[in-house]
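Data block below; observations after.
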Amino acid sequence: MSTITYPPFQVKVKGYQIIQPETTFTGARIEPLRRGLPKITQSLCPECVRVIEARIFEERGKVMMEKTCPQHGYFKDVYYGDVRLYLKMEKWNFGDNRGLSNPQIPNATRCPDQCGLCSMHTSHTSLANIDLTNRCNLTCPICFANANVTGYLYEPTLDQVRRMLQTLRNERPVAGRLIQFSGGEPTIYPHFFEVLEMARDMGFSHIQIATNGLAFTSFEFAQRAKEAGLHTLYLQFDGVTDDIYLRTRGRPLLEAKLQAIENVRKAGMKICLVPTIVRGLNDHQIGDIVKLALDNIDVVSAIAFQPVSFTGRISRRELEAKRFTMADVALAIHEQTGICDAVEDWFPLSCVAPFSRLASAIRGELTTTLTSHPHCSMGTYLFVDSKKRGTPVTRFVDIGGMLQEMDLLARKTTKQTVKLYTKIQAWNVLRKYFYEERAPEGLTFQKFLQTLQGLMDKRYGRGEAEKKGFSYKTLMVAGMHFMDLYNYDIERVRRCIIHYAAPNGMLYPFCTYNSGPCFREKIERKYSVPVSRPSGLIQIEA
């Protein structure tokens, strides 16, 4: 069969200009995203964690960050592995959100140490994390949670978990609805199934867990979790051979991972593979992970690559040797599979904001909108045919033109607009930028629309609707590079959409909870018991 190569789409939407809000809902000024290079931002000293100025600039095709602490000297690190991708991600950012109308800290003046969420934060929660325990049945050398070595037990009671869930549901103007239980290993929490049922009954529309998968080697456990309300496993998956797991997790785990995949398949849930990538350790298996996901497309719906974040001190030589960025992930996938072009096929996660804004306009109420910083996350969607071949959505949809016109339509839609008319306009925009002759086998425009509906509304993307073939098989290939003290950018913190709920009633951005100010350690020490005492959470002095 001959292969037809199509030229890339040319984005030309007349009169298009990004609309940027000036303030958050509570009146804090929003500094617009600074685009282009070089630029100055605010960062942290890797030694004393004080806020210092940093310069971001291009050097030999990469994007670098350099900064100097008055006390601890000069630091330099790779911020982004490819300058072309760095600039493209900025191009497809559609402006900020306005944060919460009820932030926990209403009059904040400093970032990142006044967290809670605060009045300066521009994004509401997209995916929330609740740590159920810091215990684990593994001892992984690369675990940012530092489970098993802290000397204390952090394990919330059911009442405390309920209050954390309620904090998320109480967010305004957009209530939290996507929850991930994490740890430690959440499946060893003594009330694991009860918290799944609790989240389901409180109205969370998507429930997932970050897990090593060991518990799911039992089909009975997988089935019970499904019945309790679990939708997705965020499955730790660092490679396709056991020598990788021996180095990253301390023991051979591939057989257990594959058994877990099989049991999740039988139980009727979904899996997002989560590889932590370290240069020189497992980056050579990135393509193999993509191929394994395609081979298991009936159960694996996504891959979320996570380039490693470094905690503690690290030598400059070791940092240079091991640093891996999301741009490097995109380049590696192209080199190892030939499926995705690193520059043409990848977009920032925040590019989907126009869809959410249009949905909000049609419904007459705000809905979850992904307005993360464009350098936090990037990805692409593969549409997978019956022969398990993946075609990037960018090959048959003019993504750029479609997003810009959707954004324009969202702005024009008001409460007075006739909803049916708006829906017809949206249909026309999608039809205009969909090229069926380039689409994979069996993907008609109608099937494409149904697939988009399934991605946005899980009632149509899983369960009976999926079994009946309502949507086309898709694989999201994406990743998020969480910051460490060497590449910390406070501009990213204020736009974070991945938040932790804590027993003190606060919500923390991922990169202040696990790095930077590192609120995780402060929270866990305050709400913990010594390891020799029974589980059940009490408060002690920090």
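Here are the numbers for the structure shown:
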| read-out | value |
| --- | --- |
| Residues of the stretch 319-338 with amide N under 20 Å of the 7 Å Cα→Cβ point at residue 387 | 337-338 |
| Net charge of neighbours whose Cβ lies under 14 Å from the Cβ of residue 158, counting Lys and Arg as +1 and Asp and Glu as -1 | -3 |
| Cα-based Rg / Dmax (Å) for the chain | 22.5, 69 |
| Calculated FRET value between residue 298 and residue 172, using beta carbons and R₀ = 45 Å, to 0.05 | 0.70 |
| Highest to lowest packing among 79-92, 366-379, scored as the average C-beta count within 10 Å | 366-379, 79-92 |
| Space enclosed by the convex hull of the alpha-carbon atoms of the stretch 379-463, per residue, Å³ | 118 |
| For the stretch 165-241 versus the stretch 444-495, the gap between their alpha-carbon centres in whole angstrom | 17 |
| Kirkwood hydrodynamic radius of the stretch 457-513, from inverse mean 1/r over distinct Cα pairs, in Å | 14.7 |
| Ranking of 486, 435, 513 by count of other Cβ atoms within 10 Å, fewest first | 435, 486, 513 |
| Packing-based exposure ordering (other Cβ within 10 Å, fewest first) of 423, 270, 257, 226 | 423, 226, 270, 257 |
| Flagged links, alpha-carbon separation over 22 Å, of 266/473; 270/458; 291/322; 12/473 | 291/322; 12/473 |
| Antiparallel DSSP beta bridges within the chain, as percent of all bridges there, nearest 5 | 55 |
| For the stretch 397-529, the Rg and Dmax computed from alpha carbons only, in angstrom | 21.1, 62 |
| Whole-angstrom gap from the stretch 23-51 to the stretch 288-339, using each part's C-alpha centre | 27 |
| Rh by Kirkwood over Cα pairs, then Stokes-Einstein D for the stretch 276-423 at 0.890 mPa s and 25 °C, µm²/s | 138 |
| Cα extents of the stretch 148-216 along the three principal axes, largest first (Å) | 39, 26, 17 |
| Semi-axis lengths, Å, the stretch 148-294, gyration tensor of Cα atoms, sqrt of 5 times eigenvalues | 28, 17, 16 |
| Contact order normalised by residue count of the chain, Cα under 8 Å, 6+ apart, percent | 18 |
| Tensor-based shape of the stretch 249-362 (alpha-carbon gyration tensor, a/c under 1.5 rounded, otherwise prolate or oblate) | oblate |
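Taken together, the values in this text are just the output of simple stated rules run on the coordinates, not laboratory data. Keep in mind the model is a prediction, meaning the values are calculated, not measured. Every residue, glycine among them, receives a Cβ derived from its backbone with ideal geometry; neighbour counts consider all protein chains shown.
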